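Visitor: One structure coming up, written as structure tokens, with questions to follow.
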Amino acid sequence: MQFHTPFTQRYDVPIPIIQAPMAGGITTPKLVGTVSKLGALGSIGGGYLPPRQLKKVIRKSRRRARKKPFQVNLFIPEYPQVSLERMQHVHHILHPFREELGLSEGDLPTEFAPNFEEQMEVVLKEKVPFFSFTFGALHPEWVHLLHEAGTVITGTATTVKEAKCLSELGVDMICLQGKEAGGHRATFLNRPEDGLLPLEELLASTLGNVEQPLIAAGGIMNGTDVLYYLRQGACAAQMGTAFLTTTESGAKYKRNLLTEKQTTLTRAFSGRLGRALVNAFTRWGEEHPFEIIDYPIQNALTQTIRKAAGKQYRSEFLSMWAGEKVEACRDITARELLESILQDIYDLVKEP
């Protein structure tokens, strides 16, 4: 089956499907490499990776992709102004969770995110084929340097205003994140609550307002969904939740994804609004909204809790990011998922 979209025609990616760049160890080199090798675009969620580790993951993914293109995604850094007293207060408030996991109170973190400039240097030196960013707008100098290196650049938007901002920046494509999407919201120009448009509405509103091809993301789980958004004008479909329960995924909460169906928007884990499965920690966030501070500080303060919960498989304390259509998750391999999507599309196209 051949696809003819701006995405497939301009780049060496015959299938207009992007495996979403989910950070936190989910997008393993095996997952990224498998997806790219099969003809779609595998993506590394590199937002939390220190530069040295990012380089290792890029090289492992490249080997597994067998010279096929892949993508790296990073988070635009944020620098909230939070007092030491406020940090200490929230750190203390979170201690009952640490106690439950057998952890000591520990010291306040002194680093809140990897060095973005050093991460970008790795991306440039490794000559990554595709690069995407979220949580903001990339500095124009990085856009220039990436284009000089031959890298295709994608920015992430949740509103038409953000899409226009990214368009003026000179990115090659814009990923539109509908409210259905799992994980962190990419909103950066307004309040997160202002970036909760359904994907269908966001795509329709953005078409004609920017010149770049648009990638549809949010609630896309099968071939029917992919074909629908391609016919609505998207150049490709980005799928995250559907890949979470594949064999190659590094998600530690696959069992929950296959049995639990309720998601919620929460700031409890990281300080940034994101969609996740409901658990004890999200309920705590609903009950104590004023005890949550901004990303990335909240994210750093909860890091030891989330890591210990993953090791002990205490899902009530895990950040189980997932989209609205989590009930469509399947226990299959990435190959089986892609083959089923393509078969869905083939059957729909062949219908009289």
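Visitor: Quick query: amide H of ALA236 versus all other amide H atoms, modeled in the peptide plane; which residues come in under 5 Å with a sequence gap of 5 or more or a different chain?
Guide: It is ALA216, by chain and number.
Visitor: Per the Cauchy relation, a quarter of the hull surface: what is the mean projected area of the convex hull of the alpha carbons in the stretch 50-141, in nm²? Display every interim value, and only then the final one.
Guide: Details: hull surface 33.9 nm².
Mean projected area of the Cα convex hull: 8.5 nm².
Visitor: Dipole of the stretch 177-253 (Lys/Arg Cβ +1, Asp/Glu Cβ -1, origin at the Cα centre): which of THR187, PHE243, LEU199 lies farthest to the positive side?
Guide: PHE243
Visitor: So for the stretch 212-351, Kirkwood radius off the Cα pairs, Stokes-Einstein at 25 °C and 0.890 mPa s: how many µm² s⁻¹?
Guide: 149 µm²/s
Visitor: Another one. Please compute the length gained on full extension between ASP107 and LYS307, using 0.36 nm multiplied by the number of residues separating them and subtracting their Cα-Cα distance.
Guide: Roughly 70.4 nm would be gained on extension.
Visitor: Given Cα pairs under 8 Å that are at least 6 residues apart, what percent is the relative contact order of the stretch 22-92?
Guide: Details: 91 pairs, mean separation 24.1, N = 71.
Relative contact order comes out at 34 percent.
Visitor: Right, something else. Give the angle, between 0 and 90 degrees and rounded to the nearest 10, that separates the Cα long axis of helix 160-169 from the longest principal axis of the Cα atoms of the chain.
Guide: Compared with the principal axis, the helix lies near 70 degrees.
Visitor: Now a separate question. Rounded, prolate or oblate: which one fits the stretch 159-264, using the alpha carbon gyration tensor with axes a ≥ b ≥ c (rounded when a/c is under 1.5, else prolate when a/b beats b/c, else oblate)? The partial results should precede the final answer.
Guide: On the way: a/c = 2.09, a/b = 1.62, b/c = 1.29.
The shape class here is prolate.
Visitor: Hey, what angle do you get for helix 303-312 against the long axis of the chain, alpha-carbon based, 0 to 90 degrees rounded to 10?
Guide: It is inclined by approximately 80 degrees.
Visitor: Could you please state, rounded to a whole Å, how far the C-alpha centre of the stretch 306-339 is from the C-alpha centre of the stretch 272-303?
Guide: 18 Å
Visitor: Please report how far the C-alpha centroid of the stretch 132-159 lies from that of the stretch 238-269, rounded to the nearest whole angstrom.
Guide: So the two Cα centres are separated by 27 Å.
Visitor: Diagonalise the Cα gyration tensor of the stretch 267-337 and give the resulting equivalent ellipsoid semi-axes, square root of 5 times each eigenvalue, largest first, whole Å. Display every interim value, and only then the final one.
Guide: On the way: eigenvalues 123, 40, 26 Å².
After diagonalising the Cα gyration tensor, the semi-axes are 25, 14, 11 Å.
Visitor: Read phi for every residue in the stretch 173-179 and hand back ³J(HN,Hα) as whole Hz from Karplus 6.51 cos²θ - 1.76 cosθ + 1.60, θ = phi - 60°, with x for Gly and Pro.
Guide: 9, 10, 8, 9, 9, x, 5
Visitor: How high is the relative contact order of the chain, in percent, counting Cα pairs under 8 Å that sit 6 or more residues apart?
Guide: Relative contact order here is 17 percent.
Visitor: Using the Cα gyration tensor of the stretch 93-241, with a ≥ b ≥ c the square roots of its eigenvalues, what is the shape: rounded (a/c below 1.5), prolate (a/b larger than b/c) or oblate (neither)? Before the final figure, lay out the partial values.
Guide: Working: a/c = 2.06, a/b = 1.33, b/c = 1.55.
Because a/c hits 1.5 or more and a/b fails to exceed b/c, the stretch 93-241 counts as oblate.
Visitor: State, as an integer percentage, the relative contact order of the stretch 1-130 based on alpha-carbon contacts under 8 Å between residues 6 or more apart.
Guide: Values: 180 pairs, mean separation 30.2, N = 130.
Rounded, it is 23 percent for the stretch 1-130.
Visitor: Just to check I understand the Karplus step: with θ = phi - 60° and J = 6.51 cos²θ - 1.76 cosθ + 1.60, what whole-Hz values come out for the stretch 326-334, glycine and proline as x?
Guide: Couplings: 4, 5, 8, 5, 10, 8, 9, 7, 5 Hz.
Visitor: Additional query: Convex hull volume of the Cα atoms in the chain, per residue, in Å³?
Guide: Working: hull volume 45.1 nm³, N = 352.
Expressed per residue, the convex hull around the Cα atoms of the chain is 128 Å³.
Visitor: Turning to a different aspect of this structure: Any idea what the alpha-carbon Rg over 2.2 N^0.38 Å comes to for the stretch 215-261?
Guide: Relative to the 2.2 N^0.38 Å estimate, the stretch 215-261 comes out at 1.30.
Visitor: By how many degrees, between 0 and 90 and to the nearest 10, does the Cα long axis of helix 116-125 differ from the longest principal axis of the chain?
Guide: It works out to around 30 degrees.
Visitor: Once phi is turned into ³J(HN,Hα) by the Karplus curve 6.51 cos²θ - 1.76 cosθ + 1.60 with θ = phi - 60°, what whole-Hz value does each residue of the stretch 205-219 show in order, with x for glycine and proline?
Guide: Couplings: 6, 8, 4, x, 9, 9, 8, 6, x, 10, 9, 9, 9, x, x Hz.
Visitor: Does the stretch 298-352 come out rounded, prolate or oblate by the C-alpha gyration tensor, with a ≥ b ≥ c the root eigenvalues, rounded set by a/c under 1.5 and, if not, prolate when a/b is larger than b/c and oblate if not? Please list the in-between numbers first.
Guide: Numbers: a/c = 4.09, a/b = 3.14, b/c = 1.30.
Cα axes put the stretch 298-352 in the prolate bin.
Visitor: Could you please rank HIS288, HIS4, placing first whichever residue has the fewest other Cβ atoms within 10 Å of its Cβ?
Guide: Working: HIS288 12, HIS4 9.
The order, fewest Cβ neighbours first, is HIS4, HIS288.
Visitor: Between the stretch 160-179 and the stretch 39-107, what is the C-alpha centre distance in whole Å?
Guide: 24 Å
Visitor: Could you calculate the FRET efficiency of PHE290 with HIS139 from 1/(1 + (r/R0)^6), where r is the beta carbon distance between them and R0 is 30 Å, rounded to 0.05?
Guide: Details: r = 33 Å, r/R0 = 1.10.
For R0 = 30 Å, the calculated efficiency reads 0.35.
Visitor: Same structure, new question: Using a Gaussian network model of the chain whose springs link C-alpha atoms within less than 10 Å, name the residue from GLU111, GLU121, GLU162 with the highest mean-square fluctuation.
Guide: Maximum among the listed residues: GLU111.
Visitor: May I ask you to list the lysines whose Cα is less than 26 Å away from that of LYS164, ignoring any residue fewer than eight positions away on the same chain?
Guide: LYS179
Visitor: For the chain, what does the helix formula give at 222 nm: sum of -39500 (n - 2.57) over DSSP H segments with n ≥ 4, over the residue count, nearest 500 deg cm²/dmol? If you can, show how the numbers build up before the last one.
Guide: Working: 16 runs with 141 residues, N = 352.
Roughly -11000 deg cm²/dmol at 222 nm, from the helical runs in the chain.
Visitor: Roughly how many nanometres apart are two label points built 7 Å out from the Cα toward the Cβ at ARG335 and THR264?
Guide: According to this spin-label approximation, the distance is 4.0 nm.
Visitor: Pull up the cross-link candidates among the lysines for LYS30, meaning alpha carbon to alpha carbon under 16 Å and not fewer than 8 places away within one chain.
Guide: Correct list for LYS30: LYS55, LYS56, LYS60, LYS67, LYS68, LYS252.
Visitor: Can I ask one more? List the residues, sorted by chain then number, that are 5 or more residues from VAL72 or on another chain and whose placed amide H is less than 5 Å from its amide H.
Guide: Under 5 Å from the amide H of VAL72: ILE44, PHE130, PHE131, SER132.
Visitor: Another question about this same structure. Send over the per residue convex hull volume for the stretch 1-115, Cα only, as a whole number of Å³.
Guide: Values: hull volume 17.5 nm³, N = 115.
For the stretch 1-115, the hull spanned by Cα atoms encloses 152 Å³ per residue.
The numbers here are math on the coordinates, done by the rules we state, and not lab data. Every value quoted in this text rests on a predicted model; they were computed, and no experiment measured them. Ideal geometry is used to build each Cβ from the backbone, glycine not excepted, and the neighbour counts take in all protein chains shown.
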